[in-house]
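K.L.:
Here you go, one structure.
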Amino acid sequence: QDDLFKNVVSHAKEYGFIFPSSEIYDGLSAVYDYAQNGVELKKNIREYWWKAMVQMHENIVGIDASIFMHPTTWKASGHVDAFSDPLIDNKDSKKRYRADVLIEDYAEKINIKAQKEIEKAKGRFGEVFNEQEFVTTNERVKGYLEQKNAILQRMARSLENDDLADVKALIEELGIACPESGSKNWTEVRQFNLMFATKLGASADTAMDLYLRPETAQGIFVNFLNVQKTGRMKIPFGIAQTGKAFRNEIVARQFIFRMREFEQMEMQFFVKPGEEIKWYEYWKETRLNWHKSLGLGAENYRFHDHEKLAHYANAAADIEFNFPFGFKELEGIHSRTDFDLKAHEEFSGKKLQFFDNDTNSSYVPYVVETSVGLDRMFLAVFSKALQEETLEDGSTRTVLRLPSVLAPTKAAVLPLIKRDGLPEVAKEIIEELKWDFNVSYDEKDAVGRRYRRQDALGTPFCITVDHQTLEDKTVTIRHRDSMQQDRVAITELKNIISNEVAM
Ligand code: ATP
């Protein structure tokens, strides 16, 4: 698993998907830049989401709010008081950790033990069924899972009650050691606010404290009535937004899984109070299906229903994805009640209510939110797509099996050799295709090596121009996944590619 993850990181760099930020200065921790191919993949994921959420839903519209917001926004939302992580330092290694993550990792190890037992048993019982062995395995697995759940429940309870001493006690009881040094010499646990602060205005006495938004959601809430009125929206309706968010994450690790500057794709769905659970279930299902539609394998997704609910929610679940380092949160679906709109009413003194023509009365709607990290989505897609294959002749190839709709480049056009007018014909084909698709040209190296390079970039099609092309205006089109090559007329190319890459 570690190797797989290392491959993901190095492939992302080597093939121009993701670079460390300001690398010539040795980078900045947990900050990354999207490179020439990464930016295309990221844009395609964003568009794929936008299309599913906004274009396909008559009652969902988009906005693009600012990153800066009036500072009172963050008082109302609870971020000033309650947006923090429980921190713990190791006294010997001087390393800082999130106490909840240390405990979660410990619990996940127990979980992995249980899964391994199950896998082992499956292999054995297939051959000879031994009832006694079956029973004891079953007991052991049950024991592991109970242990895991008890740990997570106790942590959730302590955090909810702000009982940081008990979080520390739990770490000590479990004997959790510092991952770096193995030391168990821990400090107290304390809360650390995750918002980045900055100042607006030049003079020291008039300058105003601002925050970089830690989520895009609040830009939607404060615009709720503006959109509802100007768009003549009727409840239920949604507002969608994609954009940057910033969090001063303590343990920023695992590549683009947890960054300090990242992008969210969020949708707030405004519903009648009392109908929120129905819509919450609807969006859980709809969002899971959206993920599955990418074809990365249904077994890589699971729901995690929250037992510990944030102060604003009455139901919450994550869609977890099987990342190279295990199942982790990819998207959150939250039933946020009227917490946010009520809080903004209170702090702003302005009404944020929907006037219901049918009943002739006003109310503050409830909200169901879907929130997915664009960068996490990128990592999910990229890490599952990256595969090493052994071919029939025993050689291996690296292939990035990206869903074609998301691939940065849809087709590469390759002249078989660099002379005899083949490059010119290849460039003519590019001139035709580039109006509809991102296409690229490559004439360097033998054609086999060029195919492999496009495989590693995730390009679904390679179009090769050879001498026969000059005679009959046909080319070969090679499919990334099957490596099958077909001879087709140049005039057919647009259709063939469209059929496969259309969103
Ligand atoms: P986590 O528990 O992993 O910190 P969260 O529960 O705080 O995440 P939310 O506040 O629900 O996350 O944010 C919604 C989504 O935004 C998450 O599901 C995740 O995909 C993404 N996200 C949150 N924090 C980060 C981050 N630091 N880097 C990248 N993506 C993030």
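K.L.:
Answer yes or no as to whether Ala343 is among the small types (Gly, Ala, Ser), under 22 Å from Ala298 (Cβ atoms) and either touching an Asp or Glu at 6+ places or on another chain (Cβ under 8 Å) or modelled with pLDDT of 95 or more (or both). Give the derivation first.
P.N.:
Working: among the small types (Gly, Ala, Ser): yes; under 22 Å from Ala298 (Cβ atoms): no; either touching an Asp or Glu at 6+ places or on another chain (Cβ under 8 Å) or modelled with pLDDT of 95 or more (or both): yes.
No, not satisfied.
K.L.:
Can you name the residue in the stretch 347-393 that is within 16 Å of the ligand (Cβ to nearest atom) and among the acidic types (Asp, Glu) and is also nearest to the chain's Cα centre (by Cα) among such residues?
P.N.:
Step by step, filter the stretch 347-393, then rank; the result is Asp375.
Let's see how each residue does on (1) in the same structural domain as Tyr15 (by TED's automatic domain parsing); (2) in contact (Cβ under 8 Å) with a residue 40 or more places away in the chain:
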residue: Phe382; (1), (2): yes, yes
residue: Ser395; (1), (2): yes, no
residue: Glu431; (1), (2): no, no
residue: Asp436; (1), (2): no, yes
residue: Leu457; (1), (2): no, yes
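K.L.:
For Ala12, state whether it is away from the ligand (no atom under 16 Å from the Cβ), farther than 30 Å from Leu225 by Cα, among the aliphatic types (A, V, I, L, M) and touching a Gly at 6+ places or on another chain (Cβ under 8 Å).
P.N.:
no
Each row is one residue, and each column tells you yes or no for (1) outside any helix (DSSP H, G or I); (2) over 23 Å from Leu212 (Cβ atoms); (3) outside the structural domain of Val372 (by TED's automatic domain parsing); (4) not small (Gly, Ala, Ser).
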position: Leu28; (1), (2), (3), (4): yes, no, no, yes
position: Glu40; (1), (2), (3), (4): no, yes, no, yes
position: Arg46; (1), (2), (3), (4): no, no, no, yes
position: His57; (1), (2), (3), (4): yes, yes, no, yes
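K.L.:
Which residues, counting only those in the stretch 257-291, are in a strand (DSSP E or B) and either free of Cβ contacts under 8 Å to residues at least 40 places away in the same chain or among the aromatic types (Phe, Trp, Tyr) (or both)?
P.N.:
The answer is Phe262, Phe269, Phe270.
K.L.:
Would you confirm, using the coordinates I've provided, whether Gly78 is within 15 Å of the ligand (Cβ to nearest atom), more than 24 Å from the chain's Cα centre (by Cα) and closer than 23 Å to Ser371 by Cα?
P.N.:
Numbers: within 15 Å of the ligand (Cβ to nearest atom): yes; more than 24 Å from the chain's Cα centre (by Cα): yes; closer than 23 Å to Ser371 by Cα: yes.
Taking the combined requirement at face value, the residue satisfies it.
K.L.:
Would you confirm whether or not the stretch 293-304 contains a residue that is of a type outside the set (Lys, Arg) and either farther than 21 Å from Pro324 by Cα or outside the structural domain of Glu329 (by TED's automatic domain parsing) (or both)?
P.N.:
no
K.L.:
Working only within the stretch 228-248, note down all residues that are within 13 Å of the ligand (Cβ to nearest atom) and more than 19 Å from Phe378 (Cα to Cα).
P.N.:
Within the stretch 228-248, just Asn248 meets the criteria.
K.L.:
Something else now. Please work out which residue is farthest from the ligand (Cβ to nearest atom), limiting yourself to the stretch 207-227 and to residues that are surrounded by 18 or more Cβ atoms within 10 Å (Cβ to Cβ) and of a type in the set (Gly, Ala, Ser).
P.N.:
Checked the stretch 207-227; the qualifying residue farthest from the ligand (Cβ to nearest atom) is Gly219.
K.L.:
Looking at the stretch 242-256, I want the residues that are under 12 Å from Tyr32 (Cα atoms) and have a partner that is assigned to a helix (DSSP H, G or I) and within 10 Å of the ligand (Cβ to nearest atom) with Cβ atoms under 7 Å, at least 6 apart or on another chain. Which pairs are those?
P.N.:
Going by the 7 Å Cβ cut-off, the qualifying pairs are Phe255/Leu379; Ile256/Asp375; Ile256/Phe378; Ile256/Leu379.
K.L.:
Which count do you get for residues in the stretch 261-282 that are within 16 Å of the ligand (Cβ to nearest atom) and either surrounded by fewer than 20 Cβ atoms within 10 Å (Cβ to Cβ) or within 13 Å of the chain's Cα centre (by Cα) (or both)?
P.N.:
Looking only at that region, the number is 6.
K.L.:
For Ser395, indicate whether it is among the small types (Gly, Ala, Ser) and modelled with pLDDT of 95 or more.
P.N.:
no
K.L.:
State the number of residues belonging to the stretch 177-206 that are farther than 15 Å from Thr72 by Cα, of a type in the set (A, V, I, L, M) and either buried (at least 18 other Cβ atoms within 10 Å of the Cβ) or modelled with pLDDT under 90 (or both).
P.N.:
Residues flagged as farther than 15 Å from Thr72 by Cα, of a type in the set (A, V, I, L, M) and either buried (at least 18 other Cβ atoms within 10 Å of the Cβ) or modelled with pLDDT under 90 (or both) within the stretch 177-206 amount to 3.
K.L.:
Just to check your reading of the model, which residue among Gly373, Gly297, Gly332 is of a type in the set (Gly, Ala, Ser), out of contact with any Lys or Arg (no Cβ under 6 Å at 6 or more places or on another chain), exposed (fewer than 15 other Cβ atoms within 10 Å of the Cβ) and modelled with pLDDT of 95 or more?
P.N.:
Residue meeting the stated conditions: Gly297.
K.L.:
To continue, here is another question. Scan the stretch 303-316 and give yes if some residue there is assigned to a strand (DSSP E or B), more than 16 Å from the chain's Cα centre (by Cα), closer than 24 Å to Ala245 by Cα and more than 16 Å from the ligand (Cβ to nearest atom), otherwise no.
P.N.:
Scanning the stretch 303-316 turns up no residue that is assigned to a strand (DSSP E or B), more than 16 Å from the chain's Cα centre (by Cα), closer than 24 Å to Ala245 by Cα and more than 16 Å from the ligand (Cβ to nearest atom).
K.L.:
I'd like to verify a number: residues in the stretch 326-346 that are without any contact (Cβ under 8 Å) to a residue 60 or more places away in the chain and away from the ligand (no atom under 16 Å from the Cβ), how many?
P.N.:
Looking only at that region, the number is 2.
K.L.:
Further question: Going by the conditions given, is Ala30 small (Gly, Ala, Ser) and more than 30 Å from Ala177 (Cβ to Cβ)?
P.N.:
no
K.L.:
Take residues that are aliphatic (A, V, I, L, M), over 21 Å from Met69 (Cβ atoms) and out of contact with any Phe, Trp or Tyr (no Cβ under 9 Å at 6 or more places or on another chain) and tell me which of the strands (runs of 3 or more DSSP E) falling wholly in the stretch 342-399 contain 1 or more. If you could, list the steps in order and put the result at the bottom.
P.N.:
Numbers: elements: 354-356, 361-363, 366-373, 386-390.
Ranges flagged: 386-390.
The values are calculated or read from the model by the stated rules, or taken from the named source; none is laboratory data. Only a predicted model underlies this, so the values are computations on that prediction, with no experimental measurement involved. We place every Cβ from the backbone using ideal geometry, glycine too, and count neighbours over all the protein chains shown.
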